[in-house]
Amino acid sequence: FDSNIKTLELPALTAISRNLEVNGNTNAGTVTSFKAPMLSEVGGELRFVQNFHLANIELPELFVTGERLQIQCTKDQECPLERVDLPKLTEIGGLVEVAQNPNLKIFTAPNLLKIVDRIAENPTAYLEITDNPKLKCFKTGLDLIQEALLATNNPNMTCLQFSSSIAIGGNLDISGNAINDCDINSGIPFFPACIQNSITCPDPDCGDSPPPVTITGDPHFHGGNDDRFDFAGTNNTVYALLSAARLAFNARFRAVTFVMGGTCKKCTKKTVHGSFIKAAYFNALAANGKTVRVEYLADKPSRAQLKISEAASLVFETTERELTVSVKKPDTIDDKIDDITVSLTRKHSREAVITVRNAEWELQAASRYLGWAEQNGDQKRLDVSIVPLKDVARSEVAPHGLIGQTFDG
């Protein structure tokens, strides 16, 4: 509250077990910028409230908040914040409130899939977007809002982007926006067809980037063309994620029992019998005929195993080597085999990522801790990202596999 800090920067912070709140900084020169470049998990609430001079929020690695997300100022103050980008946020475990931000124009969280309270008996998991006079674009990948959607009194909002098959569990109010001719009863329990979804949002200020292709958490698949599904798999079984020309990406799924919830007296807790990706296997054929095989394990995130087989010859020759990075500190190492690049990067003490790239695809598997890491014995999982670098429709071989088949158009 009214601190003397102008830029609040937390460069080494990776996780918070309970709440993070920046609140009531109203005097001139107090908290104009907030930066937490390594923060990936907030176990409780994340709140930015009544900060009259806050112009910048940087949370590039934020993956999950266990409870509320609130970004709120007041209509009659300076409140210069114009844009909020949360590129890796996937799930929020409580209500989301974006309200009374007089200069906010764009809110993006392209990986955000669910607003759902998986713990409380009486959940409060809804989305409220209200009284933001300059807001034009609110873009997410949401396919589930457990309770209500209240998007009201945002007179310039033309783009309200969710999954085209979003389900809403409660009331729906989208009045007072710049979205015309919309019958809110046209699609319940799914989102009304007249609202712009991820394919048709027209406002050029909102951008037109395609939805990301990811596999996250207790595996939630967000495929090409905005396809959504969950897949548990059979325990300790390898499945093909992507099979394309000169490239294959497979993953081992393993059944895991884990808990969600804190340890305080009033905290609720839930036991989940789910599954996660625990190992990734890449197989790439280089332009010079060499075969590159990469093995990466969630539980050994600072090392990756490479096997490079020479082009067909009388003697089958294989070279093996290991890529290693720091266990805790930011670090990276690359290995290039003709047109194939393999990179291992330690982002911070809680996350490392392997990247395999050729001319047509960029594939990643990131080792991350399960939520509520301490209660879950610091178990790790792999989250997957797949980026096509060329038009998949023009590929010489149509992609296959669990995620590859979603690029079918």
Can you tell me which residue among D383, D335 is among the acidic types (D, E) and closer than 30 Å to G44 by Cβ?
D383
Taking strands (runs of 3 or more DSSP E) that do not extend beyond segment 209-263, which have at least 2 residues that are open to solvent by 10 Å² or more (accessible area, probe 1.4 Å) and touching a residue at least 40 places away in the same chain (Cβ under 8 Å)?
213-216, 237-244, 247-260
Of the residues in segment 340-368 that are at pLDDT 90 or above and hydroxyl-bearing (S, T, Y), the one that is nearest to the chain's Cα centre (by Cα) is S367
Given (1) within 21 Å of the chain's Cα centre (by Cα); (2) on the phi > 0 side of the Ramachandran plot, number of the condition D85 does not satisfy:
(2)
If a residue has to be closer than 19 Å to G43 by Cα and β-branched (V, I, T) to count, how many in segment 96-148 make the cut?
5
Mind telling me which of the residues A304, A366 ends up being assigned to a strand (DSSP E or B) and in contact (Cβ under 8 Å) with a residue 40 or more places away in the chain?
A304
Take the residues of segment 14-49 that are open to solvent by 50 Å² or more (accessible area, probe 1.4 Å) and not polar (S, T, N, Q): which is nearest to K347 (Cα to Cα)?
K35
Inter-residue pairs, beta-carbon under 9 Å, first touching a residue at least 24 places away in the same chain (Cβ under 8 Å) and farther than 23 Å from T341 by Cβ and in segment 383-409, second of a type in the set (F, W, Y) and open to solvent by less than 30 Å² (accessible area, probe 1.4 Å), 6+ apart
L402/F221; T406/F221
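The values are calculated or read from the model by the stated rules, or taken from the named source; none is laboratory data. None of these values were measured; they are calculated from a predicted model. Because the Cβ atoms are built from the backbone with ideal geometry, glycine has one as well, and the counts that use them run over all protein chains shown. Note: accessible area is taken over every heavy atom of the protein model, side chains too, but ligands, DNA and RNA are not part of it. Shrake-Rupley method; radii C 1.70, N 1.55, O 1.52, S 1.80 Å.
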